[in-house]
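Following: one structure in structure tokens, then a few remarks.
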Amino acid sequence: MTELIHPSNLDDLGDALSRATKRDARSAARRPLRRIAIAVTALAIVGTGSAAAAGLFSPKQVAAAMPAGAVIFDQTDPTCVYDAGGDLFHCTLATAPAPETANFSGTKQLLVADHKVAGGCIGQDAAGLSWDCYIGQDAVDHEIVSQDFLGEPAGPGRG
């Protein structure tokens, strides 16, 4: 048996469908805005520097960025650990770097990730086996790189 639909029920049904459609449209419009906001926040973190604190670089990525940024780190097999208290990576080389200087203490070298300047390292001992590395703004704050040099295309360099 077929039920007859009263015109007032059709009005109620139409109103309900209209409200549901508007609610879905508002919800769908907000989703891309959230995604854009998250992407902008991530870019801001990278650009302003606390990329290390945000976990955007792993110790393995920093170790790989050392020889990608400076020829002296070629075939030195760096290993790095993250120091959350200092927003830096402590890196140790398995073999001494190419002899560019008699004392590597205070020597500054670039970190290059994805062919772009990501930060830099400062030598912690004369032999050049211990380095502290900083990402983004932290590298600028430690006067390893300038703000306008971050993100610029680069490859392994000397000195």
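Computed quantities for the displayed model
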{"quantity": "Proximal charge balance of ALA68 [Cβ under 11 Å; K/R count +1, D/E count -1]", "calculated": "-1"}
{"quantity": "Peptides ranked, highest mean first, by Cβ atoms within 10 Å: ranges 83-93, 62-72, 136-146", "calculated": "62-72, 136-146, 83-93"}
{"quantity": "Separation in nanometres of the label points that stand 7 Å from Cα toward Cβ, at ASP15 and LEU56", "calculated": "5.1"}
{"quantity": "Net lengthening on full extension, ASP114/ASP83 (0.36 nm per residue, minus Cα-Cα)", "calculated": "8.9 nm"}
{"quantity": "When the convex hull of its Cα atoms is projected in every direction, mean area for the range 58-141 (nm²)", "calculated": "4.8"}
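Computed from the coordinates by the stated procedures, all read-outs in this text should not be read as laboratory data. Bear in mind the structure is a predicted one, so any value in this text is a computation, not a measurement. In this analysis, Cβ positions are derived from the backbone assuming ideal geometry, glycine residues included, and neighbour counts consider all displayed protein chains.
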